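To start, the structure itself, in structure tokens.
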Amino acid sequence: MKKIIFAVLFTVGILSINAQSGGPEVLKEVKAGDMLQIGRPDSPSFKHIDFPRANTIIKNGGIANYKKMEGVKVVVTAVKEKKDGTLQVKIKRTDGGRFFGIHSVVSADLKDALVSGELRGI
């Protein structure tokens, strides 16, 4: 009898956890022209914003300082839904500058970047 009660409680617990993982509400409202801010990533590097690797930046004459990207305000230029259902956005800086001195536009996986804190709504 204990095993059955434990199994039922475990199943109810798992179902309630799955019901709560809906994602951020900002995701539904993002469109071209919206302002976002680059935040601090959970890991040492950005995973969901497609910044180029450090050696590529240096080869092209840029300065590879990822810490300076924190707090930069960006604007969404395009939103595209991929075949697997993820939202891919193109972002550019609002001050007209370039990322690392070489790239004017970079892309990002919107949902994962918002969840991890790499992008934040303003």
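The values are calculated or read from the model by the stated rules, or taken from the named source; none is laboratory data. What you see is a predicted model, and the numbers here were worked out from it, not measured in a lab. Here Cβ is always computed from backbone atoms with ideal geometry, including for glycine, and neighbour counts include all displayed protein chains.
Of note:
- If you go through region 72-91 and keep only what is in contact with a Lys or Arg (Cβ under 9 Å, 6 or more places away or on another chain) and either of a type in the set (D, E, K, R) or at pLDDT 90 or above (or both), you end up with Val72, Lys73, Val74, Val75, Val76, Thr77, Ala78, Val79, Lys80, Gln88, Val89, Lys90.
- Residue check, Val79 touching a Ser or Thr at 6+ places or on another chain (Cβ under 8 Å) and aliphatic (A, V, I, L, M): no
- Residues in region 46-67 that are surrounded by 12 or more Cβ atoms within 10 Å (Cβ to Cβ) and of a type in the set (S, T, N, Q): Thr56, Asn60.
- Pick from region 92-122, criterion in a loop (DSSP other than H, G, I, E, B) and among the small types (Gly, Ala, Ser), ranking: modelled with the highest pLDDT: Ser104
Matching residues to (1) outside any helix (DSSP H, G or I); (2) farther than 22 Å from Thr94 by Cα; (3) modelled with pLDDT of 85 or more; (4) hydroxyl-bearing (Ser, Thr, Tyr):
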| residue | (1), (2), (3), (4) |
| --- | --- |
| Ala7 | no, yes, no, no |
| Ser16 | no, yes, no, yes |
| Pro24 | yes, yes, no, no |
| Pro41 | yes, no, no, no |
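- Residues of region 79-122 classified as small (Gly, Ala, Ser), surrounded by 14 or more Cβ atoms within 10 Å (Cβ to Cβ) and closer than 21 Å to Pro44 by Cα, total: 4
- Inter-residue pairs, beta-carbon under 7 Å, first under 15 Å from Tyr66 (Cα atoms) and in region 92-106, second among the basic types (Lys, Arg) and not in a loop (DSSP other than H, G, I, E, B), 6+ apart: Phe99/Arg93
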